[in-house]
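In what follows, a single structure is set out as structure tokens and then discussed.
The values are calculated or read from the model by the stated rules, or taken from the named source; none is laboratory data. Please read these numbers as outputs of a predicted model, since none were measured by experiment. Using ideal geometry, Cβ is built from the backbone for each residue, glycine included, and neighbour counts are taken over all protein chains shown. Accessible surface is based on the protein model in full, side chains and every heavy atom, while ligands, DNA and RNA are left aside. Shrake-Rupley method; radii C 1.70, N 1.55, O 1.52, S 1.80 Å.
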Amino acid sequence: MEKRNLLENSASFLARKSGQMLNIGKLKLSIANLENEIYNLKAELGDVVYQSYREGSDGSTRIDEICANLAAKDEQLQDMKKQVEELQEK
């Protein structure tokens with residue numbers, strides 16, 4: 001009977017850890033995708049700034065939109081990284 005409880009506890013522990021590892025993997029994939037989106041937004045921001053310079057126009061509206069989007073994505077990124085840390089500590 002004692003061996004059975006030990007096996008059940010071990011199986012339960014392994015199942016819980018497997019679930020945590022799966023969640024960490026999903027979060028890391030989401031983090032990589034979000035970092036790619038941030039990279040692309042920064043490239044777009046550079047293009048808008050350069051085009052504004054070349055045309056002598058004021059692209060501040062579009063620049064503000066991109067910067068706000070960047071700030072929101074950066075906040076999401078920090079939240080996801082914190083979630084990964086919390087899962088790894090368990």
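So the values come out like this:
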| item | result |
| --- | --- |
| Förster radius 22 Å - calculated FRET efficiency between residue 16 and residue 82, Cβ distance, rounded to 0.05 | 0.60 |
| Dipole of the chain, positive direction: furthest Cα of 70, 53, 21, with charges on the beta-carbon | 21 |
| Given charges at beta-carbon only (K, R positive; D, E negative), |dipole| of the chain in Debye | 740 |
| Solvent-accessible surface (1.4 angstrom probe) belonging to residue 86, in square angstrom, nearest 10 | 90 |
| Where the chain is the region considered: accessible area per residue in Å², 1.4 Å probe | 79 |
| Length gained when the stretch residue 37-residue 75 is fully extended (0.36 nm per residue, less Cα-Cα span) | 12.4 nm |
| In the range 21-90, lysine pairs closer than 12 Å at Cα, eight or more apart or cross-chain | 4 |
| Spatial separation of Cα centroids for the range 55-73 and the range 7-24, in angstrom | 45 |
| Rounded FRET efficiency, nearest 0.05, which uses the C-beta distance separating residue 27 from residue 58 and R0 of 41 Å | 0.55 |
| With DNA, RNA and ligands ignored, accessible area of residue 4 (1.4 Å probe; Å², nearest 10) | 140 |
| Between 0 and 90°, nearest 10: helix 2-55 axis offset from the chain longest Cα axis | 0 |
| Cα-based Rg of the range 25-90 normalised by 2.2 N^0.38 Å, two decimals | 1.44 |
